[in-house]
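Participant: I have a structure I would like to understand better, so I am pasting it below and will then ask my questions one at a time.
The values are calculated or read from the model by the stated rules, or taken from the named source; none is laboratory data. Treat the numbers as computed from the prediction; the structure is a model and nothing was measured. Cβ placement follows ideal geometry from the backbone for every residue including glycine, while neighbour counts extend to all protein chains displayed. We work out accessible area using only protein heavy atoms, side chains counted, and drop any ligands, DNA or RNA first. Shrake-Rupley method; radii C 1.70, N 1.55, O 1.52, S 1.80 Å.
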Amino acid sequence: MILDAKVPAGDLADKWKNHKFNVKLVNPANKRKYEVIVVGTGLAGASAAASLAELGYNVKAFCFQDSPRRAHSIAAQGGINAAKNYQNDGDSVFRLFYDTIKGGDYRSREANVYRLAEVSVNIIDQCVAQGVPFAREYGGLLANRSFGGAQVSRTFYARGQTGQQLLLGAYSALSRQINTGKVEMHSRKEMLDLVVVDGQARGIIVRDLVTGEISSHSAHAVILATGGYGNVFYLSTNAMGSNVTAAWRAHKKGAFFANPCYTQIHPTCIPVSGTHQSKLTLMSESLRNDGRVWVPKKEGDTRKPKDIPENERDYYLERKYPSFGNLVPRDVASRNAKYACDEGRGVGSTKLAVYLDFADAIKRDGKDTIAAKYGNLFDMYQQITGENPYETPMRIFPAVHYTMGGLWVDYNLMTSVPGLYALGEANFSDHGANRLGASALMQGLADGYFVVPYTIGDYLARMPYDKIGTDHPAFKEAEHQVKEKISQLLSINGSKTVDQFHRELGLIMWDNCGMSRNAEGLKEAKTKIKSLRDDFWQNVKVLGEAGQMNQSIEKAGRVADFLELGELMIDDALDRNESCGGHFREEYQTEEGEAKRNDEQYSYVAAWEYKGKDQAESLHKEQLEFQNVKLTQRSYK
Amino acid sequence: MEEKRNYTLKIWRQKDANDKGGFVTYPLNDISTDMSFLEMIDVLNEKLIADGQEPVHFDHDCREGICGMCSMVINGKPHGPKDAITTCQLHMRSFDHGVTITVEPWRAKAFPVIRDLVVDRTSFDRIIQAGGYVSVNTGGVPDANEIPIPKKIADDAFDAATCIGCGACVAACKNASAMLFVSAKISQLAMLPQGKVERASRAEDMIAQMDEEGFGACTNTGACSAVCPKEISLEHIARMNREYFTAKFTAKKS
Ligand code: FES
């Protein structure tokens, strides 16, 4: 089977414009005859649900949280990119496109990325019109800042809470449509299966997390905007509830899963403090502008940082990368922290941390200046660790932050199952092997506000108005499967909790499929995951009943899916015999220890097809063609 | 430095909305001072499950103080003893060795208990649905810089917009009033030029919905703002009252 990305013909800059003109339209009066299901209410889901409802479609939206406003987009701190060129510093759609392609280490699809850059400007207009309070200059116009991987100032922000403000904007648009009756909102409902009839996505099965009731919902198309799968590592900066279940169950119903091994590790997180750790907290990358990263030169040095004299410290980023120093890209910074700890030079009680030291910056600029820049981050650090970063260096360590892989989609954001769409972090489409800062928010809103409302019409226009009844055997069968699985989980009554399994899985993934990988470790991990999964189905302990709120059942279902996804991530990492972006295979590095791509052989999207329980998945390759950029090797020396 | 401490927990357990519910006492030892409060509850839950007892149910998601999902009344105070943080940001080093800690759900008629510490806050969503937005559709809006906004106003609007919708304000109020929550949204949009067009109907509609949900009246005690993890100011309530009365007044005249 050949994967058809359906990229429109023509010049890069004209593709989207032409495509919008060429797609079929649904007559305004007929839109209300179609129903669309949207799962997930983060930036992508809420913006899609609101925009589709405004167009006249009937929308049913679902989220597992108690309110659509709580989706994990809310936690994004930094900002959102847009090629507005308000700063007159030479930004353009093409430059944003170029930076994104390059930042993604040449593993994304040109046409999608260009469109993303193109609609980025509309996003800012839309959000401002909604009343999103972006940062402004004294003259009343919008402020920008610069962000990693770019040489222009194109990031719009709302203090350190940009995700929150953008999500509340999308949530307000969604709320308005709920009020008009065009969106039927279902919160505290979790999608547990996709229903496919005659090869088309026709609905979903959900569990009501309050009553435990399993119900079927039918529609003409289904949109998944269910986020990323970083929690396969157990510890990540993702929210506790973030999970892969909706995407994974869709995968098992025929949606290909693309590039699962591409994981982004963020270099500046607060380190793990003990086995009780439940999640990791990100600290803005901007800290690296003034903080200096170091570890002791000596292995196993247990002295307090202030007792280690200057000449016994190793400022390893400054030493290895004299021109970028502490500002090397995320993946380089993360990997080097790992190396320092692997060498036994890690700091703190767990030895899994490096110092980020502000002493020189405070001496140079004064405490007040540093406080004005980073005060809230310093407070947050102190709140969590009990240490004062004005007096002693921060301890930081990398953490899983974002997953570039996801459901494979074509140019229309449709998965390999007709009628099933995937938006935002849930799809694989725009960030290649590495995502640039401030680009996740941009992609979520681009997909939801400005892409899918057009492309879905092209599909719906070909659909009959009749919906399939939820008494159709396909719905009944799917409901039955879902119920079976839940009763199975409840009946095992073994001796290990769901969290124990999740933690074990996370460790296997982190050690073998995290910041750096090698074939041997990956193969070992595959065996370990298999046996952990077997153990899970024999030994997990899930208490309580199905017909009530039961948080153990919720978690168990999600961890069961992570246990399957983990293995696919390993397969994908093993298949990709090169290093690129967030995928660093130790066997493939330059003499200087940098990621070494193999464009000849691996310039493809790896799209995996589910083949049945305990069967190896089969790999489909979408060749990536670059007509508008020249592939180069990154260097930060 | 990390220490281990022992505690006695008194936690509200309630099987479902119809159950009467009550406190159950659990001793819990060897708790690291580096743990967050919710990680301490995780530890308790792991022990409970190992003993064959169902875990304490509670709402939480981001665990970094932004999603607004966590919601515990700790020793009588929503989000616990420290100011300007959420439950998930609280750490055990704030609790002395050997103390008893009581944990209850938000209590308000408009926030019925679902199970244990989990309450239903969809009333907040319905208030926003009644008018907490600017009525613009996707597309067809002016260029973002065509709407200049003085920095001071943008900053003030931001201070209001920072509300996380957790409901601590309601839980802290003896009348279970939602005025702080509602006023933050009305105030944010009333300050900004984009929101001015609908300011009158917005204030009226949101307040009508608030009353319908069964939230109590505001008697200006300020307990709401005192517990607010985002320190939303009482000024917004004053501004909302002005918005509301102006709306009523102009409605009568026209
Ligand atoms: S869990 Fe998100 S604010 Fe506490």
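Participant: So how far, in whole Å, is the C-alpha centre of region B:156-185 from the one of region A:383-432?
Facilitator: Distance between centres, Cα-based: 30 Å.
Participant: Volume per residue, Å³, of the convex hull around the alpha-carbon atoms of region A:166-266? Walk me through the numbers on the way to the answer.
Facilitator: Numbers: hull volume 14.1 nm³, N = 101.
Taking the convex hull of the Cα positions in region A:166-266, it is 140 Å³ per residue.
Participant: Provide the packing ranking of B:128-140, A:68-80, i.e. peptides ordered by the mean count of other C-beta atoms within 10 Å per residue, highest first. Provide the component values of the computation, followed by the final result.
Facilitator: Details: B:128-140: 21.0, A:68-80: 27.5.
Packing order, densest peptide first, comes out as A:68-80, B:128-140.
Participant: Show me the trypsin sites (Lys or Arg not before Pro) within region B:1-106 that DSSP assigns to loop and that have at most 13 other Cβ atoms within 10 Å of their Cβ.
Facilitator: Working: sites: B:Lys4, B:Arg5, B:Lys10, B:Arg13, B:Lys15, B:Lys20, B:Lys47, B:Arg63, B:Lys82, B:Arg93; in loops: B:Lys15, B:Lys20, B:Arg63, B:Lys82.
Passing both the DSSP loop test and the Cβ count: B:Lys20.
Participant: For chain A, find the longest principal axis of its Cα atoms and tell me its angle to the long axis of helix A:43-55, 0 to 90°, nearest 10.
Facilitator: Taking the Cα atoms of chain A, the angle to A:43-55 is about 30 degrees.
Participant: Now for a separate question. Determine the principal axes of the Cα atoms in chain B, then give the extent along each, sorted from largest to smallest and rounded to whole angstroms.
Facilitator: Here the spans come out as 66, 41, 36 Å, largest first.
Participant: Using a 1.4 Å probe on the heavy atoms of the protein chains only, list every residue of region A:365-402 that has 30 Å² or more less accessible area in the complete assembly than in its chain alone.
Facilitator: Listed by number, the residues meeting the 30 Å² cut-off are A:Gln383, A:Ile384.
Participant: Would you mind pulling out the separation of the Cα centroids of region B:80-139 and region B:231-249, in Å?
Facilitator: Taking the Cα centre of each part, region B:80-139 and region B:231-249 sit 23 Å apart.
Participant: Moving on to the next point. Using a Förster distance of 60 angstrom, determine the FRET efficiency expected from the C-beta separation of A:Ser487 and B:Glu235, and round it to 0.05.
Facilitator: Once the sixth-power term is evaluated, E becomes 0.65.
Participant: Roughly speaking, to the nearest percent, how much of region A:473-598's 1.4 Å accessible area is carbon and sulfur?
Facilitator: Roughly 46 percent, rounded to a whole number.
Participant: Set the Förster distance to 30 Å, then compute FRET efficiency between B:Glu146 and A:Gln151 from the Cβ-Cβ distance, nearest 0.05.
Facilitator: After rounding, the FRET efficiency stands at 0.65.
Participant: Further, regarding this structure: Counting only other chains, and only Cβ atoms inside 10 Å, what mean value do you get across the residues of A:228-235?
Facilitator: Per residue, the average neighbour count from other chains is 0.
Participant: Related question: Please report Rg (one decimal) and Dmax (integer) in Å for the Cα set of region B:4-114.
Facilitator: Here Rg and the maximum Cα pair distance are 13.5, 39 Å.
Participant: Given a 1.4 Å probe and heavy atoms of the protein chains only, how would you sort A:Tyr588, A:Tyr604, largest accessible area at the top?
Facilitator: The ranking, largest first, comes out as A:Tyr588, A:Tyr604.
Participant: Find which of A:Phe358, A:Ala399, A:Leu282 sits farthest along the positive direction of the dipole of region A:265-401, computed with +1 on the beta-carbon of Lys and Arg, -1 on that of Asp and Glu, about the Cα centre.
Facilitator: A:Ala399
Participant: Using alpha-carbon positions, what is the distance between the centroids of region A:306-341 and region A:60-110, in Å?
Facilitator: 29
Participant: May I pose another question? Tell me, which residues of region B:120-140 get at least 20 Å² less accessible area when the other protein chains come in, versus the chain alone (1.4 Å probe)?
Facilitator: B:Arg121, B:Thr122, B:Asp125, B:Ile128, B:Gln129, B:Tyr133, B:Val134, B:Ser135, B:Val136, B:Asn137, B:Thr138
Participant: If you average the sequence gap of Cα pairs under 8 Å that are 6 or more apart and divide by the length of chain B, what percent do you get for the contact order?
Facilitator: It comes to 19 percent, rounded to a whole number.
Participant: Treating only the Cα positions of the protein assembly as shown as identical point scatterers, give the base-10 log of I(q)/I(0) from the Debye formula at each q in 0.04, 0.08, 0.10 Å⁻¹.
Facilitator: After summing over all Cα pairs, the log10 values are -0.16, -0.69, -1.16.
Participant: Take A:Ser618, project a point 7 Å from its Cα along the Cβ direction, then tell me which residues of region A:240-280 have their backbone nitrogen under 20 Å from it.
Facilitator: A:250-260
Participant: Any idea which of B:Ile237, A:Val113, A:Phe450 is furthest toward the positive side of the dipole for the protein assembly as shown, if Lys and Arg beta-carbons carry +1 and Asp and Glu beta-carbons -1?
Facilitator: Going by the Cα projections, it comes out as B:Ile237.
Participant: How large is log10 I(q)/I(0) at q = 0.21 Å⁻¹ when the Debye formula is applied to the Cα atoms of region B:142-254, each weighted equally and without solvent?
Facilitator: These q points yield log10 I(q)/I(0) values of -1.14.
Participant: Quick check: at a probe of 1.4 Å, how many percent of the accessible area of chain B sits on carbon and sulfur atoms?
Facilitator: 52
Participant: What do you get for the angle between helix A:162-180 and the principal long axis of chain A? Use alpha-carbon atoms, 0 to 90 degrees, nearest ten.
Facilitator: On a 0 to 90 degree scale, this one is about 20.
Participant: Given region A:1-154, report the % of alpha carbon pairs whose separation exceeds 28 Å.
Facilitator: The calculated P(r) of region A:1-154 puts 35 percent of pairs beyond 28 Å.
Participant: Kindly provide the helix-only [θ] at 222 nm of the protein assembly as shown, computed as the sum of -39,500 (n - 2.57) over DSSP H runs of four or more divided by all residues, to the nearest 500 deg cm²/dmol?
Facilitator: -11000 deg cm²/dmol
Participant: On C-alpha positions alone, give me the angle between the axis of helix A:367-385 and the longest principal axis of chain A, in degrees, nearest 10.
Facilitator: With rounding to tens, the tilt is 70 degrees.
Participant: Just to confirm the filter: which trypsin sites (Lys or Arg not before Pro) across region A:446-510 are DSSP coil and have at most 15 other Cβ within 10 angstrom of their Cβ?
Facilitator: Of the trypsin sites (Lys or Arg not before Pro), the ones in loops of region A:446-510 whose Cβ has at most 15 other Cβ atoms within 10 Å are A:Arg462.
Participant: Using +1 at the C-beta of Lys and Arg and -1 at the C-beta of Asp and Glu, which of A:Pro260, A:Phe378, B:Pro55 has the Cα lying farthest in the positive direction of the dipole of the protein assembly as shown?
Facilitator: My answer, from the dipole projection, is A:Phe378.
Participant: For region A:419-511, what is the convex hull volume of its Cα atoms per residue in Å³?
Facilitator: Roughly 168 Å³ of hull volume per residue.
Participant: Can you give the mean number of other chain Cβ atoms that lie within 10 Å of the Cβ atoms in peptide A:236-243?
Facilitator: 4
Participant: Let me ask another. Alpha carbons only, please: Rg and Dmax for region A:473-598, in angstrom.
Facilitator: For region A:473-598, the Cα-based Rg and Dmax read 18.2, 59 Å.
Participant: Which part of region A:106-148 falls in the paramagnetic zone of A:Phe21, meaning amide N under 20 Å from the point 7 Å along Cα-to-beta-carbon?
Facilitator: Taking a point 7 Å out along Cα→Cβ of A:Phe21, the residues of region A:106-148 whose backbone N falls under 20 Å are A:111-112, A:114-116, A:118-119.
Participant: Along Cα→Cβ, 7 Å out, is where each label goes; now give me the distance between the ones at A:Asp471 and A:Ala519 in nm to one decimal.
Facilitator: Distance between label points: 5.8 nm.
Participant: Next question. With a 1.4 Å probe and all protein chains left in place, how much accessible area per residue does chain A have, in Å²?
Facilitator: Per-residue accessible area for chain A comes out at 35 Å².
Participant: Can you work out D for region A:306-451 in µm² s⁻¹ from Stokes-Einstein, where Rh is the Kirkwood radius over C-alpha pairs, the temperature is 37 °C and the viscosity is 0.692 mPa s?
Facilitator: Estimated diffusion coefficient is 178 µm²/s.
Participant: Taking the Cα centre of region A:473-598 as origin and charging only Cβ (+1 Lys, Arg; -1 Asp, Glu), how large is the dipole, in debye to the nearest 20?
Facilitator: That gives a dipole near 440 debye.
Participant: Can you work out the accessible area per residue across region B:4-114, with the rest of the protein chains kept in place, probe 1.4 Å, in square angstrom?
Facilitator: Per-residue value: 36 Å².
Participant: Give me the number: length gained by fully extending A:Arg319 to A:Gln87, i.e. 0.36 nm times residue separation minus the C-alpha to C-alpha distance, one decimal in nm.
Facilitator: Working: separation 232, 0.36 × 232 = 83.52 nm, distance 3.38 nm.
Gain on extension, A:Arg319 to A:Gln87, equals 80.1 nm.
Participant: Dipole magnitude of the protein assembly as shown about its Cα centre, charges +1 at Lys/Arg Cβ and -1 at Asp/Glu Cβ only, in debye to the nearest 20? Please list the in-between numbers first.
Facilitator: Values: 107 positive and 111 negative charges, 312 e Å.
Charge dipole of the protein assembly as shown: 1500 debye, to the nearest 20.
Participant: May I ask for the accessible area buried between chains B and A, both sides summed, probe 1.4 Å, to the nearest 100 Å²?
Facilitator: Chain pair B/A: roughly 6200 Å² of buried accessible area.
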